[in-house]
Amino acid sequence: MEFDPSKIEAKWQQKWEEAKIFEIDLKKAKNPYYSLVMFPYPSGDKLHVGHWYNFAPADSAARFMRMKGNDVMTPMGFDAFGLPAENYAIKSGIHPDTSTRSNVQTMVKQLRRMGCMYDWSKMVNTSTPEYYRWTQWLFLQMYEHKLAYKKEAPVNFCPSCQTVLANEQAQDGTCERCGTTVIQKNLSQWFWKITDYAERLLQGLGDLDWPEKTKIMQQNWIGRKHGINIAYDVEGTKEKIVCFTTRPDTNFGATFVVLAPEHPFAMKVMDRQIVPNTGEDRSKHVRWYYEQSLKKTELERQEEGRKKTGEFTGFYAINQLTGYRMPVWVSDFVLGGFGTGAVVGVPGHDVRDFEFAQQFKIPVIRVVVASDGDASPIERIEQVQEEEGTMINSQFLDGLNIHEATKRIMSYMEDKGIGQIVTTYRIRDWLVSRQRYWGAPIPIVYDPDGKPHPVPEKHLPWLLPTDVAFKPTGKSPLTESKEFIERTEKLFGKGWTPEFDTMDTFVCSSYYYLRYLAEGDEKHLVDPTIEKRWMPVSTYIGGPEHACMHLIYARFVMMALKDFGFVSHEEPFKKLVHQGLITNKGAKMSKSKGNVVSPDSLVEWHGSDAFRMYLMFMGPFTEGGDWSDTGIKGIDRFVKRIHAMCTSNVNKKVDQPEVIAALHRTIKKVTEDIEGLRFNTAISALMELLNLLEQEGGVSSETAKTFTLLLAPLAPHLSEELWESLGGKDFVIRQKWPVFDPALIKTSTFVIAIQVNGKLRGEIEVDAGAPKEEVLAKAKAHPNVQKFLASRVKKEIYVAGKLVSLVV
RNA sequence: GCCGGAGUGGCGGAAUUGGUAGACGCGCACGACUCAAAAUCGUGUGCCGCAAGGCGUUGAGGGUUCGAUUCCCUCCUCCGGCACCA
């Protein structure tokens, strides 16, 4: 019988659609299983093989879960706001909405050809008003619950393009498009208080079935640190400078204090609000340094490397422990946003502090002796002692190791009221403002005094205006819209203005998994009873590049929504899996590199089933690899051989016991492998079984049917076709997954390997129940083994059913 | 620099509560079919050997063990993430 995948695939895709077998009734489902893949960006490049590499195995796993008796929901949608569409609009003049909608259409068409179980009735597109009204609603909720606030923050700005750049567009400190050096500009922007959730985000990781690597990355991103804020008096003033440190044990060796250039104390100095009563007035120097640091580009910062710059403020802070007069400096190696923005310098025991001290000739004191006993003065950078050691020159801490000393000094400082034990986090609040057109408008308006007010919910969706050109002007594109301003004045009054910024696209993707469950509900974000049953997502599959952005934001939003009372779960994704990355000639596929491999012609040529299986057979799903189609022939042959076996070679009434045993071993192996997402070995197990059937010269209808069931998640179209031709009822995807019989797997004899001194010297076949003595005797009798048993056998080891090891 | 992960034939890869390394597939070689080629099928494919058999072997070196791809130590290379975070 002639085999034509493209005909078969079109036929079954149509049948599935007509029977609506992938549309899930969320309310009626008995065993909800929510299988989710990270939704794609509807790029003009269309789907590439990387998408298939991600989606096809995810679909196979979902089909498997369905056959195991679950009500599986696998939605698909589009993360449609974002820069590429806007940049394309700037170039072509085509409105992003137009290009996005057409890209979505193309991609849906491509996706349909894959033959996945997507429930298209639940599709979302984040750039449509029906969707982004909920993005805006989320903003209002955050605002209402005081988790949204506005403050000045620097953005990347390209002076030549007159535009704000995302961090990714300003890599290496130059503009992606024109190569101009990017500068920092302060703008007033909206933030969401993810820092309020830092501890919960950290604690929640414990119970998640996520890759360890990803959990560690989130842990580091959140970056919890226990330390102490020490308040130092500034000599001759009433001021105190508070420094955060995790190493108060070394404080007897503190010889200076450094402030971030924008630290409030530095501001007071440059504004001459405080002036040292002795010595030189340094306010001009401090101001100059502050201005320089603002102007400094990312590029200059990187070129500077670790070389330290700074200015002395003219003030001294007093180290209470030693009475040491610590000069107070400003330097941009101290970050304003971490800890207190002020650092106490202990040059003997911190490399950065040492570099600074050396640069500005500040004394170095050793207070920790290294474990090798080295107590010499610290003069070179290699001698800086950050590791384990014993305290010296530290009065009551002397002799203690650094950990005990840390505890002791912390409680000492707290008792004396000079320090406060604190926990800080490295994670920053989420900057959600974007000075961009193609995003959801922030639903805020300003009264004539510039005070922000939320746009009332009844006005959502707060529509993105369309009367905007896309030429960069240095301002948010929405400022050009007459309609936007008129709309605001009409609704709120004369002199009122809208917020012109749009929201980060990560906001759109922070809750889309809930919106799939809403089925277009215009009244609620999601029906609470459905949310309760379907969340959290059973398996979430997507790239590891989202470990610290999307996957933290989504967790934060879910937690916040729970606190607001809209959802019942704390965590959105119970199980997370990262697919590997498919590269081409070693590089990530991208249009700019010109190495994008399109799946279309491959599907045309080999069929979706073969192409999917090839991608899965390439290697472990989580590892990815470099693209090459050299091996796809093997899968083509496999597919044809399956078809031949299950159509023209169904010629046996019953199969031999060895065939039955092999079949049941294969059921076991394929079941376990698909459960563990090890598709490559599941396919090779089916290949082995097929090889055996071919050796037998044919197969019974019973076994052929079981084979078809095992194939169903991996090659959905072919298996439907074979199921039908074998006389199976209904769709194969609606059948029960086969169960193996352990009794049938057992064999009556074992092949035992014989090792002498660890080297393989022979093999014997023994009965399954043979006692140890009998096996050993038989092993020693093996002629080739005898040759090596010249001297006495010192030790005999028998691993039941596996091997005999003899030591002479 | 710090935190992860990986290194196995010509290639993709398989095997780890320590137990016959190289499953499965690609490629290659030879053979069958063919006027021929493609496709298909068969045989072989770490090295030596006609064979029996022997030897070698999982990035490098060392250790534990009857036995190590698997566990421990030192080092090298590649990939991913973070990076002046106090």
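Annotations
- Legend: translational diffusion of the range A:68-124 by Stokes-Einstein, Rh = Kirkwood radius over C-alpha pairs, 25 °C, 0.890 mPa s; D = 188 µm²/s.
- Helical content of chain A, expressed as a calculated mean residue ellipticity at 222 nm, amounts to -11500 deg cm²/dmol (DSSP H runs of 4 or more residues, -39,500 (n - 2.57) each, divided by residue number, nearest 500).
- Remark: chain A carries a charge dipole of roughly 800 debye about the Cα centre, counting +1 on each Lys and Arg Cβ and -1 on each Asp and Glu Cβ.
- Given +1 at the Cβ of Lys and Arg, -1 at the Cβ of Asp and Glu and no other charges, the dipole of the range A:31-169 around its Cα centre is 320 debye to the nearest 20.
- Cut-off 15 Å, label 7 Å out along Cα→Cβ of A:GLU796, residues of the range A:745-760 by amide N: A:754-757
- Within the range A:61-96, backbone nitrogen closer than 11 Å to the virtual label 7 Å beyond the Cα of A:LYS591 toward Cβ: A:84-89, A:91-92
- With all protein chains modelled, accessible area of A:GLU152 [1.4 Å, Å²]: 120 Å²
- Across the range A:564-674, the convex hull enclosing all Cα atoms gives 222 Å³ per residue.
- Annotation: peptides A:109-116, A:793-800, ranked by per-residue average of other Cβ atoms within 10 Å with the highest first, follow the order A:109-116, A:793-800.
- Each 10 Å bin from zero up to the one holding the largest Cα-Cα distance in the range A:475-520 carries the following percent of pairs: 24, 30, 26, 19, 0.
- Peptides ranked, highest mean first, by Cβ atoms within 10 Å: ranges A:576-585, A:310-319, A:739-748, A:9-18: A:310-319, A:576-585, A:9-18, A:739-748
- Heavy-atom surface of chain A, accessible at 1.4 Å and reported per residue (Å²): 46 Å²
- Accessible-area composition of chain A, carbon plus sulfur, in percent [1.4 Å probe]: 51 percent
- Subtracting the Cα-Cα distance of A:LYS640 and A:LYS668 from their residue separation scaled by 0.36 nm leaves 7.7 nm.
- Principal-axis tilt of helix A:716-725 within chain A, Cα atoms, nearest 10 degrees: 20 degrees
- Ellipsoid semi-axes in whole angstrom, largest first, where each is sqrt(5λ) of the Cα gyration tensor of chain A: 59, 42, 23
- Each 10 Å bin from zero holds the following percent of Cα-Cα pairs in the range A:468-567: 12, 31, 25, 25, 7, 0.
- Residue separation of A:SER160 and A:THR106 scaled by 0.36 nm, minus their Cα-Cα distance, works out to 15.9 nm of gained length.
- For the set A:LYS523/A:LYS562; A:LYS574/A:LYS736; A:LYS68/A:LYS215; A:LYS746/A:LYS795, the pairs lying more than 20 angstrom apart at their alpha carbons are A:LYS574/A:LYS736; A:LYS68/A:LYS215; A:LYS746/A:LYS795.
- Degrees between helix A:701-711 axis and first principal axis of chain A (Cα, 0 to 90, nearest 10): 10 degrees
- If R0 is taken as 51 Å, the Cβ-Cβ distance between A:SER601 and A:GLU291 corresponds to a FRET efficiency of 0.30.
- Positive-end residue, chain A charge dipole about Cα centroid, Cβ charges, pick of A:PHE396, A:TYR232, A:ASN649: A:ASN649
- Computed log₁₀ I(q)/I(0) - Debye formula, equal Cα scatterers, no solvent, the range A:313-436, q 0.15, 0.23 Å⁻¹: -0.85, -1.56
- The calculated FRET efficiency for A:LYS11 paired with A:SER684, based on their beta-carbon distance and R0 = 25 Å, is about 0.30.
- Heavy atoms of A:CYS178: accessible area, 1.4 Å probe, square angstrom to 10: 60 Å²
- Accessible area of A:HIS51 (1.4 Å probe, protein heavy atoms only, ligands and nucleic acids ignored): about 40 Å².
- Angle in degrees between helix A:402-416 and the longest Cα principal axis of chain A, rounded to the nearest 10: 50 degrees
The values are calculated or read from the model by the stated rules, or taken from the named source; none is laboratory data. Bear in mind the structure is a predicted one, so any value in this text is a computation, not a measurement. Here the Cβ is made from the backbone with ideal geometry for all residues, glycine too, and neighbour counts use every protein chain on show. Surface areas here come from the heavy atoms of the whole protein model, side chains and all, with no ligands, DNA or RNA. Shrake-Rupley method; radii C 1.70, N 1.55, O 1.52, S 1.80 Å.
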